[in-house]
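Asker: Can you read through this structure? Questions will come right after.
The values are calculated or read from the model by the stated rules, or taken from the named source; none is laboratory data. Small disclaimer: the values here were computed from a predicted structure and weren't measured. All Cβ positions, glycine included, derive from the backbone under ideal geometry; neighbour counts span all protein chains shown. Side chains included, ligands, DNA and RNA excluded: accessible areas come from the protein's heavy atoms. Shrake-Rupley method; radii C 1.70, N 1.55, O 1.52, S 1.80 Å.
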Amino acid sequence: MHRAAPEGFQPHDRKSPLTGPWEPLYARKSKDRVVLGLTVATPHTNSRGLLHGGLIAAMADNAMGLSCGAVLARDGVPSGGLVTVSLAVDYMGKAEIGDWLEFDTDFVRTGRTLCFAGAMVTAAGAPIARAHATFRVHTSSSS
């Protein structure tokens, strides 16, 4: 079941082999964040038919990294990309097939070489997970 995305969300334009099977994915972009969203479907679930925690971790990581990139771009900081250094997820609830999920980065702190972020994951508007991550900022001259 794929319901229409809420207002402000567009098809996510950043594709990867990992997230390909989870399509359709949606994004709502602003100068300080990229909020990702999807409707829970069978490919997102575990053997009990509930949203898989691995999807939560991967999508939260993706949203936070993209949000760090948005803040770096907004602030005019050149970046050759970001790599996850650490990721922590606290699971607080569940989601079922048909629920709308949002991965909203609500904290970003950038530095010269590191970026810190925090995100809330909601299902049908209720919090189900909280994530924190640290990213290494690569400049075009670093390896």
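Asker: Within segment 12-33, track down each residue that is in contact with a Gly (Cβ under 8 Å, 6 or more places away or on another chain) and open to solvent by less than 60 Å² (accessible area, probe 1.4 Å). Can you show your working first?
Answerer: The first filter runs over segment 12-33 and keeps only residues in contact with a Gly (Cβ under 8 Å, 6 or more places away or on another chain), leaving 25-28.
L25, Y26, A27, listed by residue number.
Asker: Where the second residue is open to solvent by 60 Å² or more (accessible area, probe 1.4 Å) and the first is of a type in the set (D, E) and lies in segment 77-97, which pairs have Cβ atoms under 9 Å and are six or more apart or on separate chains?
Answerer: Within 9 Å, the pairs are D90/H132; E96/A124.
Asker: Regarding A4, is this residue part of a helix (DSSP H, G or I) and either out of contact with any strand residue (DSSP E or B) (no Cβ under 9 Å at 6 or more places or on another chain) or not basic (K, R) (or both)? Don't jump to the end; show me each part of the working.
Answerer: Values: part of a helix (DSSP H, G or I): no; either out of contact with any strand residue (DSSP E or B) (no Cβ under 9 Å at 6 or more places or on another chain) or not basic (K, R) (or both): yes.
When the stated conditions are applied, A4 does not pass them.
Asker: Looking at segment 117-128, is at least one residue out of contact with any strand residue (DSSP E or B) (no Cβ under 7 Å at 6 or more places or on another chain), at pLDDT 95 or above, surrounded by 14 or more Cβ atoms within 10 Å (Cβ to Cβ) and of a type outside the set (D, E)?
Answerer: Narrowing segment 117-128 to residues out of contact with any strand residue (DSSP E or B) (no Cβ under 7 Å at 6 or more places or on another chain): 125-126.
From the residues that got through so far, the ones that are at pLDDT 95 or above too are 126.
Now restrict to residues that are surrounded by 14 or more Cβ atoms within 10 Å (Cβ to Cβ): none.
Scanning segment 117-128 turns up no residue that is out of contact with any strand residue (DSSP E or B) (no Cβ under 7 Å at 6 or more places or on another chain), at pLDDT 95 or above, surrounded by 14 or more Cβ atoms within 10 Å (Cβ to Cβ) and of a type outside the set (D, E).
Asker: Is there a residue being more than 22 Å from F135 (Cβ to Cβ) and of a type outside the set (D, E, K, R) anywhere in segment 74-92? Walk me through it before giving the result.
Answerer: In the first step, residues of segment 74-92 are kept if they are more than 22 Å from F135 (Cβ to Cβ); the result is 92.
Applying the additional criterion that residues be of a type outside the set (D, E, K, R) yields 92.
Yes: segment 74-92 contains one or more residues that are more than 22 Å from F135 (Cβ to Cβ) and of a type outside the set (D, E, K, R).
Asker: Among the residues of segment 49-99, what is the count of those that are surrounded by fewer than 21 Cβ atoms within 10 Å (Cβ to Cβ), closer than 15 Å to T19 by Cα and not aliphatic (A, V, I, L, M)?
Answerer: Looking only at that region, the number is 4.
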